[in-house]
Amino acid sequence: MDTHARKLLVIIAEAALEKTLVEDALRLGAQGYTVHDVRGGGRDGERTASWDGDRNIEVKVIATAAVAEAITAHVLATYCPNYSVSMFLADVAVLRPEKFT
Amino acid sequence: MLPDPVVLFFLLGLAARLARSDLRIPEPLYEALSLYLLIAIGLKGGVELARHPLGALAPQVAGIVALGVVTTLLAFAALRGLGRLARADASSIAGHYGSVSVVTFAVAVSWLAARGIAHESYMAVFVAVLEVPGIVVGIALARTGGSARVAWGKLAHEVLLGRGIVLLVGGLAIGWVAGPEGAKPLQPMFGDLFKGVLAFFLLEMGIVVGRQAGDLRRAGFFLPAFAIAAPLAFGLLGAWAAHRLGFSPGGATIVATLAASASYIAAPTAMRIAIPEASPALSLAAVLGVTFPFNITIGIPLYHRMAVALAG
């Protein structure tokens, strides 16, 4: 089976950022995205997702290393100073490379 | 007179959370209940609005908008001058206090109804009207002198098309078009069930408020004091303004409650996007941890007394 290397970028952030994060990711070259509602906790406190102001989201994007890095850099500079954001990259293999340029 | 049972549900949620019970209302249900409350409040206001000439309302609407602007500016002055808060935090919190809490309004209406106190029945109009000015003035205060630009178009979309305004104004319009007769089939769902849903919603609010306890402990002395002094001062101002605008004591009680209440749905989202450097923990500790419980337990009866005293 032919597989192709891509990056999976996962961004966990306050739900208030959902719209802008998705817009930014698409503008920087992502072809698609997946959003989940999630809950959790960390250095900035606990997010239990029980009401509006307390919701977290997880945005997943699969893209080439260049696009994933461009999104990462943008999020680090724009949102990380003032918002609670967790972000990581992972190596993944995809079957149809044209979907994830 | 015994406290309203809906308030007792609030206290139950609060106690359960403080005792670390695992009671938890799923978020989709919370959201569904809040949508229901907005539609029901809008619809009822709209039906009543159909009985009144719209033009006669204009001076009252203008007066209430002015009230929202003045309370935001006063809150900002107090937070900045007395509290020495950073500009971003002061403007964000002021915006929360300038805007309104729909649920506090619902509790006030229910409090008046339980005592058979009459009030202008189209008060839901003013809930919709008062949501916006505080948020706009708060954001403007944060940005005066600052270099960061505000994307007003995006923000207007966020605030005006948020579920609060859409459902309140939509409900008002539908109620107004349908009129008392047309809306009758909806009465079992949006009228008769209202109080039960409000009780359910307040149970959840109790849990949410209980969760603020930690942030509140870290907030120091000034902010909790402000969160009680502000509703008292704004309640008095609201009662006075309503008296001057010709409202009945019952209506003035609601205007005072609206002025005293602080938003925890529309404002936090708008402020989070427009003033990223303001701490959401600070404003929510004040709004949810202190002002909301204060208003629904002690505040509303107090605002009614103010309104009655002013009416002479």
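All of the numbers you see were taken from the coordinates with simple rules; none came from a lab. Bear in mind the structure is a predicted one, so any value in this text is a computation, not a measurement. Cβ atoms come from the backbone with ideal geometry, glycine included; neighbour counts cover every protein chain shown.
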Item to complete: May I ask you to give the average projected area over all directions of the convex hull of the Cα atoms of the protein assembly as shown, in nm² rounded to one decimal?
Response: 22.9 nm²
Worksheet item: What order, most packed first, do the peptides A:58-68, A:80-90 have when packing is the mean number of other Cβ atoms within 10 Å of each residue?
Response: A:58-68, A:80-90
Item to complete: Using only alpha carbon positions, build the gyration tensor of the stretch B:96-162, then give the equivalent ellipsoid semi-axes as the square roots of 5 times its eigenvalues, largest first, whole angstrom.
Response: 33, 12, 8
Practice prompt. Output the DSSP H helices from chain B with an along-axis C-alpha extent of no less than 30 Å and a mean Kyte-Doolittle hydropathy no less than 0.5.
Written response: B:27-49, B:58-81, B:124-143, B:222-244
Worksheet item: Which of the lysines could be linked to residue A:99 by a straight reach, that is with a Cα gap under 23 Å, when you skip same-chain ones fewer than 8 residues away?
Response: A:7, A:19, A:60
Worksheet item: Which ordering of B:123, B:189 is given by a fewest-first count of other beta-carbon atoms within 10 Å?
Response: B:189, B:123
Worksheet entry | √(5λ) per eigenvalue of the Cα gyration tensor, the stretch B:8-108, largest first, Å | 29, 28, 11
Worksheet item: So which aspartates and glutamates can residue B:195 reach, going by Cα to Cα under 16 Å and dropping same-chain residues fewer than 8 places off?
Response: B:4, B:204
Worksheet entry | chain B, Rg to Rh (Cα coordinates; Rh as Kirkwood inverse mean 1/r) | 0.95
Worksheet entry | Where the Cα pairs of the stretch B:163-267 fall when distances are cut into 10 Å bins, in % | 12, 25, 38, 19, 5, 0
Worksheet item: Simple spin-label model, 7 Å along Cα-to-Cβ: residue B:56 to residue A:87 in nm?
Response: 5.8 nm
Practice prompt. May I ask you to list the chymotrypsin sites (Phe, Trp or Tyr not before Pro) in the stretch B:182-266 that are in a DSSP loop and have at most 16 other Cβ atoms within 10 Å of their Cβ?
Written response: B:221
Worksheet entry | Percentage, to the nearest whole number, of Cα pairs in the stretch B:212-271 over 18 Å apart | 50 percent
Discussion item. Averaged over its residues, how many other protein chain Cβ atoms are within 10 Å of peptide A:12-24's Cβ atoms?
Written reply: 2
